[in-house]
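For reference, the structure is listed below as structure tokens.
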Amino acid sequence: MSAATKQAKTLARQLFNLSLVDGAVSAERVQGVLAYVEKSSPPNALLVLRLYHHLVSVELARRIALVEHAGSIEPTVLKAIAAAMTQHYGRAITSTAKPNPSLIAGLRVRVGDDVYESSAASRLQALSSAC
Amino acid sequence: MSTVLEQIEQQIAKLSTKSVKKNTGTIRAIADGVAKLDGLSDVMYNEMVQFPGGAIGIALNLEEDEVGCVILGDISGLKEGDEVQTTGRLLSVPVGKALLGRAVDALGQPVDGKGPIDSKEFYPVEKIAPGIIVRKSVSQPLFTGITAIDSMIPIGRGQRELIIGDRGTGKTTITIDTIINQARINRTGLASGDKNFRPVYSIYVAIGQKNSNIVRTMTALEAAGALEYTIIVAAPAADNPANQYLAPYSGAAMGEWFMENGMDALIVYDDLSKHAVAYRQISLILKRPSGREAFPGDVFYLHSRLLERAARLDGKGSLTALPIIETLAGDLSAYIPTNVISITDGQIFLETDLFNQGIRPAVSVGLSVSRVGSSAQIKATKQVAGKLKGELAQYRELAAFAQFGADLDAKTKAQLDRGGRIVELFKQPQLNPISIELQASFLWAMQKNYFDDIDVKKIVVAAAKLREFLTTRKQPLLDKIRTKAALDAELEAELKTACDEWKAGYKS
């Protein structure tokens, strides 16, 4: 890793830490960070912003339960999933629905890197790989 | 009744909606068999990672925002953005007797076309070596069948003995002979019905070798009937470096199964120089800091943790390791040779000069040593070979001096003459291990001057004839020597009679 990349990584991490309020990304702070980068234009600004974007998106993904569903989904189910995930991870998690017909039936919930599979497609795949 | 059914149906419904949790990541970059991954926040060090298409990876670098992973298997179908997932399992290989007689790859999958292996047990590839309390000192011999080694550099069960030398000096041959000798001893021991007999199973790990060489080794073992007691772990030169890096650890796991289950095993790592090179390649691609000769900082630990797994366990079995190191121009002081020399319990150094002079096995007596020493020898060998190493070392020194053509006194001439005969006596064709009772017998004959009046050039033939005479005509005597493992007055008298009889009928 070159010294410039290392420096950009450190700065992106510092900016990311400044964007957090009580461990969560604050929209206001992010705006502040973007304004600072535009004004001061640090070396390798593009790389810094890309790395910063990556860190923020990873953090946001940790706080959203992306619920992929094949059929229709009740708002109460979404609420129940959000509540269960909030309790499980110990941090506030909101849920978002995303239709995905390739699942055939059932749900797939994604919170950050963790994926909870309860779909017909995943079972069929497990069956085919076991054969 | 309907309530009962409802209850069952509810239970089924609960089970059928059970979700499976997995930790995922995506491929950020992939090159030279190494992938950089995003995500995988739960991944453990050395954990197996599942790639699309069935390929398996091992997480080797856990960094702040990425995971470095070596991929085992076909990487041609993988691309940036593909999803990967953790498995929660450390890399394991099948172990057990079902693997005997088979050739497998670094993951324990058969590569010999003899069908699937029915193995019920799996051992992790990486395992912490046995600690101090469970170990026992090495005191039981492991006969190589090579007279020069068994008499001067004895190897014990649970020992780590390095075989080191330039290319083409007979390093692999020594290990193949040893494996063949174990098979021969196993057959005799198991046929005898002795309840205390402990067979030795062998594992041959080929790292970075040509496929043709591996086939040659397999053929030699099969021809000698040794393959049924042997597992071959093959990571040839064409395999990716990750497989070459893992193969010795997989072999060690297979050997540990025998050790843990009260059996004795022998493992050959052929060779650790290529293993270090494969690891250097992986480390450089993973962008780990490089040190001397571009090897990573943990190259010592790479071999020490592997060789420490060879041990003799109290109340269980043993695992003997014969690692091989290839030197360049006989340089023992290079980085990897010095590392492995310091880890092992001795080394057998093979010299190119001796090899070219026709002295085969080309064991350099001065530079070879076994730190276990005579505690791993039977009494009969100690009786006949106790002074051999000293005599031979003296001979080499005097022989170098005698080259100047100086006048020599009678004592020196006698020493040179005797040394020359010992050297000739130790010459042994490849794939022809000699039983320990036969070794003890002809070394006894040498000590008792039966070869003194035979021309030095004819010693090899004479020794072969004596061995043939003893094997064909005096088998009961050899059996007695093997059973007693010592030469008492009665056996010495019988040996004398036998040697006199041979000498009387010997025509040079």
In nm, give the distance between the simple-model label positions of residue B:97 and residue B:219, each being 7 Å from the Cα along the Cα-to-Cβ direction. 3.1 nm
Could you tell me the convex hull volume per residue, in Å³, taken over the Cα atoms of the protein assembly as shown? 215 Å³
Counting other Cβ atoms within 10 Å, which GluC sites (Glu not before Pro) in the range B:41-149 have at most 13 and lie in a DSSP loop? B:63, B:64, B:80
Scan chain B and hand back the longest stretch that contains none of the chymotrypsin sites (Phe, Trp or Tyr not before Pro) lying in DSSP loops with at most 13 other Cβ atoms within 10 Å. B:198-403
Ratio Rg/Rh, restricted to the range A:3-61 and using Cα atoms, in which Rh is the Kirkwood radius: 0.95
Of B:413/B:458; B:379/B:474; B:389/B:507; B:120/B:274; B:79/B:114, which sit over 26 Å apart, Cα to Cα? B:389/B:507; B:120/B:274; B:79/B:114
Efficiency of FRET between residue B:79 and residue B:198 - r from beta-carbon atoms, R0 51 angstrom, step 0.05: 0.45
For the cross-link pairs B:387/B:411; A:9/A:39; B:97/B:210; B:387/B:465, which exceed 22 Å when the distance is taken from alpha carbon to alpha carbon? B:97/B:210; B:387/B:465
Kindly state, to the nearest 0.05, the FRET efficiency for residue B:122 paired with residue B:7, given R0 = 35 Å and r defined as their beta-carbon distance. 0.40
Please identify the trypsin sites (Lys or Arg not before Pro) of the range B:433-508 that satisfy two criteria: DSSP loop assignment and at most 16 other Cβ atoms within 10 Å. Which are they? B:448, B:507
Would you kindly state how much longer the chain becomes between residue B:133 and residue B:506 on full extension, computed as 0.36 nm times their sequence separation minus their alpha carbon distance, in nm to one decimal? 128.8 nm
Checked the range B:117-235 with the C-alpha gyration tensor, a ≥ b ≥ c its square-rooted eigenvalues, rounded below a/c of 1.5, otherwise prolate if a/b is larger than b/c and oblate if not; verdict rounded
Gap in Å between the Cα centre of the range B:99-143 and the Cα centre of the range B:306-335? 15 Å
Counting each pair of different Cα atoms once, what's the Kirkwood radius of the range A:17-131 in Å, rounded to one decimal? 16.4 Å
Compute the length gained on full extension between residue A:60 and residue A:3: take 0.36 nm times their separation in residues and subtract their Cα-Cα distance, giving the result in nm to one decimal. 17.7 nm
Work out the P(r) tail for chain B: percent of alpha carbon pairs separated by more than 29 Å, whole number. 56 percent
Using 20 Å as the cut-off for backbone N distance, which residues of the range B:430-449 belong to the label zone defined by a point 7 Å from the Cα of residue B:493 along Cα→Cβ? B:441, B:444-445, B:448
Once Lys and Arg get +1 and Asp and Glu get -1 on their Cβ, which of B:263, B:344, B:285 lies farthest toward the positive end of the dipole of the range B:231-345? B:285
At a threshold of 8 angstrom on Cα-Cα distance, excluding pairs fewer than six apart, so keeping six or more, what relative contact order does chain A reach in percent? 22 percent
For residue B:64, what charge total do you get from the other residues with a beta carbon under 10 Å from its beta carbon, if Lys and Arg give +1 and Asp and Glu give -1? -1
Counting only C-alpha contacts under 8 Å and six or more residues apart, can you give the relative contact order of chain B as a whole percent? 15 percent
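List the relative contact order of the range A:3-61 as a percent without decimals, with contacts defined as Cα pairs under 8 Å and 6+ residues apart.
Computed over the range A:3-61, the figure is 49 percent.
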Expressed as a whole number, the average count of other chain Cβ atoms within 10 Å around the Cβ atoms of A:110-118 is 5
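Every number here is computed from the coordinates shown, using simple stated rules; none is lab data. Small disclaimer: the values here were computed from a predicted structure and weren't measured. Cβ atoms come from the backbone with ideal geometry, glycine included; neighbour counts cover every protein chain shown.
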